[in-house]
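Step one of this worksheet: look at the structure below.
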Amino acid sequence: MSTFKFPVINSLLHSELRLKIMVALDSLQSADFMYLCEITDSTRGNLSIQLATLKEAGYIEVSKTGVGRLSRTTCSITQKGHEALQFYEEGLRRMFEQRIPDQDVEEKQSC
């Protein structure tokens, strides 16, 4: 029996849009909602949903200023989010870099 296991990959960050948001915020520290919408090529509705998911996980903070049409939403990454993103990146690197050991003949036949 093999002891090999793939690294755990954070399924919350394994969504294309959520990953784009996290990488952007990790790079920029904070970003305006409309800017995130533009650079991720997302709709406002979809971006709102994904931001809520990341906020609920504690990966980002969302702040709103102003009222009505003059309101502005700004997002920033938290330390927890930064660490989760680093762990995610390291897991992907390990997955691509590590070599899967050959199976014994018996193991191949048991599948």
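The values are calculated or read from the model by the stated rules, or taken from the named source; none is laboratory data. It should be emphasised that the depicted structure is a prediction, and the values quoted were computed from it without experimental measurement. A quick note on method: Cβ atoms are made from the backbone with ideal geometry, for glycine too, and the neighbour counts reach across all protein chains shown. Quick note on the areas: whole protein, heavy atoms, side chains included, nothing else; ligands and nucleic acids left out. Shrake-Rupley method; radii C 1.70, N 1.55, O 1.52, S 1.80 Å.
Descriptive notes on the structure:
- The simple Förster model, with R0 at 25 Å and r as the Cβ-Cβ distance, assigns residue 15 and residue 79 a FRET efficiency of 0.75.
- Mean residue ellipticity, 222 nm, helices only, the chain: the sum of -39500 (n - 2.57) across DSSP H runs of n ≥ 4, divided by residue count and rounded to 500, is -16000 deg cm²/dmol.
- Relative contact order [Cα under 8 Å, 6+ residues apart], the chain, whole percent: 32 percent
- Length gained when the stretch residue 53-residue 89 is fully extended (0.36 nm per residue, less Cα-Cα span): 11.0 nm
- Long-range tail of P(r) for the chain (Cα pairs > 25 Å, %): 37 percent
- Computed in the context of the full set of protein chains, the accessible area of segment 2-70 at 1.4 Å probe radius has 54% of its extent on carbon or sulfur.
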